[in-house]
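The values are calculated or read from the model by the stated rules, or taken from the named source; none is laboratory data. Since this is a predicted model, take the numbers as computed values, not measurements. Cβ atoms come from the backbone with ideal geometry, glycine included; neighbour counts cover every protein chain shown. Surface accessibility is based on the protein's heavy atoms, side chains included, excluding ligands, DNA and RNA. Shrake-Rupley method; radii C 1.70, N 1.55, O 1.52, S 1.80 Å.
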Amino acid sequence: MGVGGSSSYDATLSDKAISEAIGQLVENIINKCTNSPWKTYIISRDADATLIAGGNSQGIKPGMIFSVKTKGKKVKNPQTGIIINLPGKDVGTATIVECGGETPETEYSFINLTTTEEINDSNMNNYIIEQMR
């Protein structure tokens with residue numbers, strides 16, 4: 001009947017469950033990040049050169065070719081209220097010429113742009129450089 005007896009709490013069971021949940025969370029984050037193509041932005045453009053953020057530590061190497069896209073339109077789903085980013089339009093390619101920078105935070109790459117439309121220098125934030133799939 002258990003009268004006068006006591007039971008003990010096994011903390012190792014909780015520790016194992018928490019450890020498993022954290023492991024699954026980390027795996028889900030990694031899978032989500034690897035499913036998305038790498039992307040960056042044009043950080044400078046003038047008559048001499050066009051620069052993008054990113055370089056060697058992100059696996060960027062001279063000769064690599066990336067898509068140049070416009071940012072897609074943002075729409076609001078009326079059922080959920082969530083903002084959805086629609087895909088942008090392909091407007092050309094960016095070929096990596098040279099990489100520089102001393103740390104991942106300061107890395108940059110020089111690119112050659114080949115575009116199907118004129119790049120609007122006054123609105124550089126409208127363009128995304130994205131890894132081709």
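Legend: Rg and Dmax of the stretch 67-133, from Cα coordinates, 15.2, 47 Å. For the stretch 20-93, give the percent of accessible area contributed by carbon and sulfur heavy atoms, probe 1.4 Å, rounded to a whole number. Using a 1.4 Å probe with all protein chains present, the stretch 20-93 comes out at 56 percent carbon and sulfur.
Between the amide H of residue 108 and those of 54, 100, 101, distances stay under 5 Å, these residues lying 5 or more places away or on another chain, with hydrogens modeled in the peptide plane.
For the chain, the solvent-accessible area with a 1.4 angstrom probe is 73 square angstrom per residue. Straight Cα distances below 20 angstrom link residue 89 to the aspartates and glutamates 117, 118, 121, 130, with same-chain residues fewer than 8 positions distant left out.
Working note: Karplus 6.51/-1.76/1.60 with θ = phi - 60° gives the stretch 108-113 the couplings 8, 9, 7, 10, 9, 9 Hz, where Gly and Pro are set to x.
For the chain, the Stokes-Einstein estimate of translational diffusion at 4 °C and a viscosity of 1.567 mPa s comes to 70 µm²/s, using the Kirkwood hydrodynamic radius over alpha-carbon pairs.
When the charge dipole of the chain is built from unit charges on Cβ atoms (+1 for Lys and Arg, -1 for Asp and Glu) and taken about the Cα centre, the candidate among 25, 55, 108 whose Cα reaches farthest toward its positive end is 25. The label point for residue 112 and the one for residue 29, both projected 7 Å from the Cα toward the Cβ, are 4.0 nm apart.
Largest GNM mean-square fluctuation among 19, 36, 109, using the chain with Cα springs under 10 Å: 19.
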